[in-house]
Amino acid sequence: NAGVMQNPRHLVRRRGQEARLRCSPMKGHSHVYWYRQLPEEGLKFMVYLQKENIIDESGMPKERFSAEFPKEGPSILRIQQVVRGDSAAYFCASSPLPGLAGDNEQFFGPGTRLTVL
Amino acid sequence: AQTVTQSQPEMSVQEAETVTLSCTYDTSENNYYLFWYKQPPSRQMILVIRQEAYKQQNATENRFSVNFQKAAKSFSLKISDSQLGDTAMYFCAFMKRTGGTSYGKLTFGQGTILTVHP
């Protein structure tokens, strides 16, 4: 049973370009979370999604950032017009449907390290 | 809103000895979960141990145990018989529980870097 997959593992972008980060949850998991980790800091919640629905985006910057989790395919975190301050590690996690056994555990992917030049 | 505070930026311990990492949190919720995650140099987040706030008994997982003080809002992690592989950043995290189910947003502390010396 494959774990949470994220790609790419490393992404380099120049200021003003777009970054697309992908996350495939564990098999059977219907909920996805995105977190950002700035250097030397803890993880900060960004957004919580289920398929075709955003449940909580209270941690997302108001501009340039968007997330989706379509019916088919991976969840995508999209950052438009990247700036140097967007350089960070972005982690995706998944969990089963709330109410199911194990719903309080999030399984993390290996992260995508974004570097903005 | 919940906050999680880890007041020890760095800790070190000799191999085979015991170390305790501190964590305090602030919340108005009564039902919640607390977690300790480990992040080794590979940066993969690994769940170490979890505690359900409505359970008085402290959680244990092999060499890892917690001291959960709900009234004091304290949740420390004790690592016994420390091993070189325990060297990592450790994060304390909070998740609220709504009704009978969890609500997935995790709030993390700033982390404690633990170094185990041979």
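The values are calculated or read from the model by the stated rules, or taken from the named source; none is laboratory data. Model, not experiment: these values are computed from the prediction. For neighbour counting, all protein chains shown are included, and Cβ atoms are generated from backbone atoms with ideal geometry for every residue, glycine included. Each accessible area value is taken on the protein alone, full model and side chains, heavy atoms only, with ligands, DNA and RNA left out. Shrake-Rupley method; radii C 1.70, N 1.55, O 1.52, S 1.80 Å.
Miscellaneous remarks
- Cross-link reach is defined here as a Cα-Cα straight distance under 21 Å, omitting same-chain residues fewer than 8 places apart; for A:Lys62 the lysines meeting it are A:Lys44, B:Lys105.
- Global size of chain B: 13.9, 46 Å for Rg and Dmax (C-alpha atoms, Rg to one decimal, Dmax whole).
- Dipole of chain A, positive direction: furthest Cα of A:Asn104, A:Leu43, A:Gly16, with charges on the beta-carbon: A:Gly16
- Extreme residue, positive dipole direction of the protein assembly as shown, given options B:Tyr37, A:Gln81, B:Met11 (C-beta unit charges): A:Gln81
- Interatomic Cα distance distribution for the protein assembly as shown, bins of 5 angstrom, percent: 1, 7, 14, 18, 18, 16, 13, 8, 4, 1, 0
- Relative contact order, percent, chain B [alpha-carbon distance under 8 Å, six or more residues apart]: 37 percent
- Debye, to nearest 20: dipole size of chain B, +1 on Lys, Arg Cβ, -1 on Asp, Glu Cβ: 460 debye
- The candidates B:Val19, A:Val12, arranged from most to least accessible area with a 1.4 Å probe in the full protein assembly, appear as A:Val12, B:Val19.
- Taking amide hydrogens as placed 1.01 Å from N in the peptide plane, the amide H of B:Asn31 sits under 5 Å from those of B:Arg97, each at least 5 positions away in sequence or on another chain.
- For the range A:1-105, the relative contact order is 32 percent, taking Cα pairs closer than 8 Å that sit 6 or more residues apart in sequence and dividing their mean separation by the residue count.
- Bins of 5 Å, starting at 0 and running to the largest distance - Cα pair percent for chain A: 2, 13, 23, 26, 20, 10, 5, 2, 0
- Cβ-placed point charges (K, R +1; D, E -1), dipole of the protein assembly as shown about Cα centre in debye, nearest 20: 680 debye
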